[in-house]
Structures are given as C-alpha cells and as structure tokens.
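Here's the structure we're looking at; comments come further down.
The values are calculated or read from the model by the stated rules, or taken from the named source; none is laboratory data. Bear in mind the structure is a predicted one, so any value in this text is a computation, not a measurement. All Cβ positions, glycine included, derive from the backbone under ideal geometry; neighbour counts span all protein chains shown. To get the accessible areas, we keep the full protein, side chains included, count just its heavy atoms, and leave off ligands, DNA and RNA. Shrake-Rupley method; radii C 1.70, N 1.55, O 1.52, S 1.80 Å.
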Amino acid sequence: MQYFYAVVHRDPGSAYGVTFPDIPGCFSAADDLDDVVPNAVEALTLWFEDAEPVAPSSIEAIRQQAAGDLAEGAFLIAVPWIAPARTLERVHLSMDAAIVEAIDEAARRRRQTRSA
C-alpha cells in the first residue's frame with residue numbers, strides 16, 4: 001500500500017476539492033468531509049487505470065509544495081492506494097468483528113460488496 005498526500009481546499013459554500021501535487025490533473029471533490037478520502041481513493045484508482053504508477057513524495061516535500069495553500073486554510077490528507085492485481089483470490093479467514101464492520105462500511109460507501 002502506498003499513501004499519496006493530497007491537498008484539501010474548501011471555499012465557503014462549496015464542496016471540498018482535493019488535488020494531488022504528485023499527480024497533476026488528478027482531483028476529486030466531496031460535499032461531506034466523510035467522503036473526501038473515499039472519493040480521493042476512487043480518483044487515484046481511475047487515474048492509474050490509464051497512467052504509469054509514480055512514487056509518492058514525502059509529506060515534507062508535499063508541505064513545501066503546498067505551503068501557500070496550507071497558509072490559506074487548506075489541509076493535507078494521506079490517501080491510501082493499492083495497485084490492483086486484476087486477479088481475484090478466494091480466501092477464508094477470521095478477523096475482529098470491528099475490522100469486518102469497517103470493511104463493510106468502506107464497501108458500502110463505494111457502492112460495493114465486501115467481496116469486491
């Protein structure tokens with residue numbers, strides 16, 4: 001798993017806008033703060049369907065790049081991204097019920113099933 005740092009902007013009366021300094025042209029938006037990260041993950045996934053993977057910059061490098069935005073009230077988030085293997089593997093495992101609940105919630109937000 002990799003983490004890409006994103007800059008989150010929000011003007012009064014508008015949605016949260018998310019940009020990735022490492023990936024010019026990759027962006028997302030969300031009306032609700034709870035949807036910022038899931039929407040950003042989806043943006044990364046869609047972006048990398050047609051682009052070569054890039055290595056994420058360190059948080060220090062992103063802070064330097066986004067210093068002006070951060071001074072104006074933007075904030076950074078770490079967006080997890082796993083390059084899809086494009087193959088499925090069936091597994092049987094046991095997990096803590098809270099982890100299963102978190103997986104189900106993440107799947108629901110993406111309009112998917114636990115298996116997806």
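Is one or more of the residues making up the stretch 94-106 within 24 Å of V7 (Cα to Cα) and under 17 Å from the mean Cα position of the chain (by Cα)? Yes, that holds for at least one residue.
When the stretch 93-113 is filtered for residues that are in a loop (DSSP other than H, G, I, E, B) and in contact (Cβ under 8 Å) with a residue 40 or more places away in the chain, only R110 remains.
Of the residues that make up the stretch 76-89, is at least one more than 29 Å from G25 (Cα to Cα), without any contact (Cβ under 8 Å) to a residue 40 or more places away in the chain and not aromatic (F, W, Y)? Taking every residue of the stretch 76-89 in turn, at least one turns out to be more than 29 Å from G25 (Cα to Cα), without any contact (Cβ under 8 Å) to a residue 40 or more places away in the chain and not aromatic (F, W, Y). Somewhere in the stretch 71-92, is a residue in a loop (DSSP other than H, G, I, E, B) and among the polar types (S, T, N, Q)? Yes, the stretch 71-92 has at least one match.
So that you can scan it fast, the table gives a plain yes or no per residue for (1) open to solvent by 30 Å² or more (accessible area, probe 1.4 Å); (2) at pLDDT 95 or above; (3) of a type in the set (A, V, I, L, M); (4) in a helix (DSSP H, G or I):
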site: S14; (1), (2), (3), (4): yes, no, no, no
site: G17; (1), (2), (3), (4): no, yes, no, no
site: P24; (1), (2), (3), (4): yes, no, no, no
site: A29; (1), (2), (3), (4): yes, yes, yes, no
site: A40; (1), (2), (3), (4): no, yes, yes, yes
site: L46; (1), (2), (3), (4): yes, no, yes, yes
site: P53; (1), (2), (3), (4): yes, no, no, no
